[in-house]
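First the structure, in the form of structure tokens, and then the observations on it.
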Amino acid sequence: MNKYKHIIFDIDGTLIDTEEAILRSLQDTVREILHKDIERQELKFALGIPGCVALRKLGIADTERANDRWNAHLLKYKSRIRLFDGIPQLLDSLKTNGYKLGIVTSKTRNEYTADFAVPFALSECFGTVICVEDAARPKPFPEPLLSYLNASHIDVEDALYIGDTLYDSRCAQSAGLDFGLAAWGNVAAQEASADYVFKAPVDVQLLLLA
């Protein structure tokens, strides 16, 4: 399928499996700042949105300091973060077949570098990278994807966005992009509206390289 020119990816839950590390470190942060224990299941709302937004929803006022503590706690769980099986092969095959690859993430630029670009050495795969500070409003608002389109000088029909959360789905829908649900990531988001549902990274190849 040559309908698209750019394939845009979310990071957490799409390219890398970060759920356990994010939720455990958030538990530690809440315990440190709010002095209470919250079950991981109750913190899943934080997946896929900017850290400051998640912390504000938890009733933490000083989100900048809390986000720094969250990132510090995350370091303890770095060994639990991994690329999903099949991702390197997927990225390589898409690039080999002429697709441009990009990123739209709720991570800050520093988090993108520390959590993804450096540890996994995949940054050379991606042309345009939009982080949370690169758009006026974060997902689920359309601005991150619209910023990508503007930076890449492409039309909305030229791009497919692949992510794993309702925020990703709503961002794509609001921006007018087709959306592919990475169902190998956040299983709880499988009710999200999507043009395509991918059960494994190889399914993306089967669609786009057919």
Okay, helix-only estimate at 222 nm for the chain: each DSSP H run of n ≥ 4 adds -39500 (n - 2.57), divide by all residues, round to 500 deg cm²/dmol; what do you get? -10500 deg cm²/dmol
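Roughly how many percent of the accessible protein surface of the stretch 1-120 is carbon and sulfur, given a 1.4 Å probe and a whole-percent answer? Intermediate results must be reported in sequence, preceding the final value.
Values: 2730 of 5840 Å².
That share works out to 47 percent.
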Given a Förster distance of 35 angstrom, what is the FRET efficiency for residue 196 paired with residue 41, based on the Cβ-Cβ distance and rounded to 0.05? 0.80
Relative contact order of the chain, defined on C-alpha pairs under 8 angstrom at six or more residues apart (%): 26
Here the tail fraction of P(r) beyond 23 Å, over all Cα-Cα pairs of the stretch 1-106, rounds in percent to 37
Only helices at least 15 Å long along their axis, Cα-based, and averaging 1.0 or more on Kyte-Doolittle count here, so list those DSSP H runs from the chain. none
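With a cut-off of 8 Å between alpha carbons and a minimum separation of six or more residues, what is the relative contact order of the stretch 120-210 in percent? Mind dumping the intermediate values first?
Values: 129 pairs, mean separation 18.5, N = 91.
After rounding, I find 20 percent.
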Whole-Å semi-axes of the chain's equivalent ellipsoid (Cα gyration tensor): 29, 17, 16
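Would you work out if the stretch 97-210 is rounded, prolate or oblate? Take a ≥ b ≥ c from the square roots of the eigenvalues of the alpha-carbon gyration tensor; rounded if a/c is under 1.5, else prolate when a/b is larger than b/c, oblate otherwise. Each step should come with its number before you reach the end.
Working: a/c = 1.26, a/b = 1.15, b/c = 1.09.
It comes out rounded by the Cα gyration axes.
The values are calculated or read from the model by the stated rules, or taken from the named source; none is laboratory data. Since we're looking at a predicted model, the values are computed, not measured. Backbone-built Cβ (ideal geometry, glycine too); neighbour counts: all protein chains shown. Just so you know, the surface numbers come from the protein's heavy atoms only, side chains and all, with ligands and any DNA or RNA stripped out. Shrake-Rupley method; radii C 1.70, N 1.55, O 1.52, S 1.80 Å.
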